[in-house]
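Laboratory data are not the source of any read-out in this text; all were calculated from the coordinates shown. None of the values given here were measured: they were computed from a predicted structure. For neighbour counting, all protein chains shown are included, and Cβ atoms are generated from backbone atoms with ideal geometry for every residue, glycine included.
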Amino acid sequence: MNIWEFFVWIFWVYVLIACIWIFITVVIDIFRDPSLNGWGKALWLIFLVFLPFLAAFIYLIARGRGMTERRIAESKQAQEQANAYIREVAGTSPTSEIESAKKLLDSGAITQAEFDALKAKALA
């Protein structure tokens, strides 16, 4: 085996892994999509089994925006849950954050605009 055959082999392994990754991502999205009913999910899966490349490309073109929106919503929800957990563990509540910001405002360390921004952030 010469060096060029090795590079071709590495390329095809990369292509294989990329295809598997795309198929797994599409299958996961099919099952997580609440707008698809059971028949729609079954049809997409049958399409993926019999014509995998065509089905994956059609799914990515037709439903790619929805995949992105669902992924962003899941990320936001996970971030909010992590922030809530951190606040709970740290023992700071929005009330205590506003109280400490008020003390800074009263001492003159921050302006009214900065206080309002901190208050809005604590209440969010």
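If you check every pair at least six apart or on different chains, which have Cβ atoms under 9 Å apart with a residue in region 61-72 that is of a type in the set (Gly, Ala, Ser) first and a residue that is part of a helix (DSSP H, G or I) second?
Matching pairs, first to second residue: Gly66/Asp29.
Out of (1) closer than 21 Å to Ile28 by Cα; (2) in contact with a Pro (Cβ under 6 Å, 6 or more places away or on another chain), what's the single condition that is false for Ala122?
(1)
Out of region 101-115, which residues are loosely packed, with under 13 Cβ neighbours inside 10 Å and either part of a helix (DSSP H, G or I) or touching a strand residue (DSSP E or B) at 6+ places or on another chain (Cβ under 7 Å) (or both)? Give the steps one after another, and end with the answer.
First, the residues of region 101-115 that are loosely packed, with under 13 Cβ neighbours inside 10 Å: 103, 106-109, 111-113.
Lys103, Asp106, Ser107, Gln112, Ala113 - these are the residues of region 101-115 that are loosely packed, with under 13 Cβ neighbours inside 10 Å and either part of a helix (DSSP H, G or I) or touching a strand residue (DSSP E or B) at 6+ places or on another chain (Cβ under 7 Å) (or both).
Go through region 21-48 residue by residue and tally those that are surrounded by 14 or more Cβ atoms within 10 Å (Cβ to Cβ) and of a type in the set (Ser, Thr, Tyr).
Within region 21-48, residues that are surrounded by 14 or more Cβ atoms within 10 Å (Cβ to Cβ) and of a type in the set (Ser, Thr, Tyr) number 1.
Just one of (1) under 14 Å from Met67 (Cβ atoms); (2) exposed (fewer than 12 other Cβ atoms within 10 Å of the Cβ) trips up Phe7, so point out which.
Of the numbered conditions (1) under 14 Å from Met67 (Cβ atoms); (2) exposed (fewer than 12 other Cβ atoms within 10 Å of the Cβ), the odd one out for Phe7 is (1).
For the list (1) farther than 30 Å from Ala122 by Cα; (2) exposed (fewer than 10 other Cβ atoms within 10 Å of the Cβ), I need the number of the one condition that Val89 fails.
(1)
What number of residues within region 74-94 satisfy the criterion of being closer than 20 Å to Ile28 by Cβ and in contact with a Lys or Arg (Cβ under 9 Å, 6 or more places away or on another chain)?
Residues in region 74-94 being closer than 20 Å to Ile28 by Cβ and in contact with a Lys or Arg (Cβ under 9 Å, 6 or more places away or on another chain): 1 in total.
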